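The values are calculated or read from the model by the stated rules, or taken from the named source; none is laboratory data. Remember, predicted model here, so these are calculated numbers, not experimental data. Here the Cβ positions follow ideal geometry from the backbone for every residue, glycine too, while neighbour counts run over all protein chains shown. Each accessible area value is taken on the protein alone, full model and side chains, heavy atoms only, with ligands, DNA and RNA left out. Shrake-Rupley method; radii C 1.70, N 1.55, O 1.52, S 1.80 Å.
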Amino acid sequence: MARIAGRFARAEVRRTAAAFVAGLLSTVERKTCWSLAEHAGHPDPQPMQRLLRKAVWDADAVRDDTRDLLLEQVSHADGVLIVDETGFVKKGRSSVGVQRQYTGTAGRIENSQVAVFLAYASPRGRGLIDRRLYLPEANWCNQPDRRARAGVPDDTVFATKPALARQMLTAASVAGVAASWVTADEVYGADPDLRADLEARGVGYVLAIGCDRRVRINHGRTIIRADTLTARVPAGSWQTHSCGPGAKGPRTYQWAWITTATHPGEHRWLLVRRNPHTGEVAFYLCWSPRPVPLRVLVRVAGSRWSVEELFQTGKNEIGLDHYQVQTWTSWHRFITLAMLALALLTTLVPAPEPVTEPDLQSPTIALTVPETRRLLNALTLHRPIDPSHALRWSLWRRTVQARARR
């Protein structure tokens, strides 16, 4: 917290921010302003609510401090930037950016907010380093009254999810984030502007695409669907590689790569991943400023799952989706402090050693993020609760709920 202390003009706001982050790391079940205030020993939730709503501090500056703090711990020559989105299922219509839309969190169309995140992953660790809230065009960007009620800045215009990804990748490049590769799912792999931006900066990419995406082969003379091309790959051309450790050991797949370069000296490929048990296939467009072996592309493709694990850890351990805020400023402040708490937690966990086979003889498994949080609370963050304080909060909650009912 000392690293971000200068971002807060007032001492009481600085102390509240520290208590907020400690609460996010605590064993409190729901990480709302009410529960975090009770955990911090406050008589009511107003200090926490003021921290998110009206206190003077710059969430983007704290986000940059979080990125720098994380990269000090995990930056590596083999670092990969990962773009992905996640949904926050919400009730009502007032929360900024909320509408009925598809979210992978629920696996269906739900009333939700969607945000695009940028993660950094390396052999030394991983974490979230940037975020952008997706603001739907028709229901939000083109409704001035609704924007005003949610405090959306006047200069905020509609941007697609790939456009938000380009903003974050540009910001990371300007900040000097050391990453030779970018990976993302089909939403971003289908965007030609994103691919062009990365090529212009000399950053390699392994971007997922749909099976119906057409690619060029034979030096650009033939255009063919990815799945049709895959069906013609000889059986002997598939290679078996692990794309990283999983919960049950190495994630091993069969891989094939086909050159799609249209000019001499280009390094472009269609990368195909096949599950040896189910036969399920996935496709990636790949580009590199220099020649690379297949195992490098496989490693980059496999690193995309790091962001899914970060979302799961953030929601389960930090309360990334527990917020009860409605405005633009409050949303960005909560998410930023949650990213800071997540960065602290993930960097405390030693990076897993690469393994080819799980060690079934070891008496213990490696330290996990949930176990690290338990130890952090037991050894450092635990504070005894005065019974009278708990009773006062019980009375306060029931009084407010009765008022709301009336």
(request) Return the total of residues in the range 296-329 being polar (S, T, N, Q), over 30 Å from residue 255 (Cα atoms) and touching a helix residue (DSSP H, G or I) at 6+ places or on another chain (Cβ under 6 Å). (result) 1
(request) Scan the range 8-42 for residues that are part of a helix (DSSP H, G or I), of a type outside the set (A, V, I, L, M, F, W, C) and open to solvent by less than 40 Å² (accessible area, probe 1.4 Å) and report the count. (result) 3
(message) Looking only at residues that are among the hydroxyl-bearing types (Ser, Thr, Tyr) and in contact (Cβ under 8 Å) with a residue 60 or more places away in the chain in the range 171-188, which one is farthest from residue 96 (Cα to Cα)?
(response) 180
(request) Tell me, please, whether a residue that is touching a residue at least 12 places away in the same chain (Cβ under 8 Å), open to solvent by less than 20 Å² (accessible area, probe 1.4 Å) and touching an Asp or Glu at 6+ places or on another chain (Cβ under 7 Å) can be found in the range 228-248. (result) no
(message) If I ask for residues that are at positive phi and outside any loop (DSSP other than H, G, I, E, B), which ones from the range 106-126 would you list?
(response) 125
(request) Only residues in the range 150-170 that are within 22 Å of residue 64 (Cα to Cα) and open to solvent by 40 Å² or more (accessible area, probe 1.4 Å) count as the first member; pair them with residues that are in a helix (DSSP H, G or I) and charged (D, E, K, R), Cβ under 6 angstrom, at least 6 apart or cross-chain, and list the lot. (result) 166/197
(request) Among the residues of the range 54-88, write down those that are closer than 23 Å to residue 153 by Cα, touching a residue at least 60 places away in the same chain (Cβ under 8 Å) and surrounded by fewer than 16 Cβ atoms within 10 Å (Cβ to Cβ). (result) 60
(request) Would you point out which residue out of 134, 120 is hydroxyl-bearing (Ser, Thr, Tyr), within 20 Å of the chain's Cα centre (by Cα) and under 17 Å from residue 343 (Cβ atoms)? (result) 120
(message) I'd like the full set of residues that are of a type in the set (Gly, Ala, Ser) and surrounded by fewer than 15 Cβ atoms within 10 Å (Cβ to Cβ), limited to the range 249-265.
(response) 249, 265
(message) Taking the condition of being open to solvent by 30 Å² or more (accessible area, probe 1.4 Å) and either among the hydrophobic types (A, V, I, L, M, F, W, C) or not in a strand (DSSP E or B) (or both), how many residues in the range 270-284 meet it?
(response) 7
(message) Please go through (1) open to solvent by 10 Å² or more (accessible area, probe 1.4 Å); (2) in contact with a helix residue (DSSP H, G or I) (Cβ under 8 Å, 6 or more places away or on another chain); (3) more than 14 Å from residue 172 (Cβ to Cβ) for residue 97 and return the number of the only condition it doesn't satisfy.
(response) (1)
(message) Residues that are in contact with a helix residue (DSSP H, G or I) (Cβ under 9 Å, 6 or more places away or on another chain), under 25 Å from residue 293 (Cβ atoms) and assigned to a strand (DSSP E or B): does the range 133-145 have at least one?
(response) no
(message) I need a count of the residues in the range 73-105 that are of a type in the set (D, E, K, R) and part of a loop (DSSP other than H, G, I, E, B).
(response) 4
(message) Need a quick list: helices (runs of 4 or more DSSP H) entirely within the range 303-406 having at least 3 residues that are exposed (fewer than 12 other Cβ atoms within 10 Å of the Cβ).
(response) 387-405
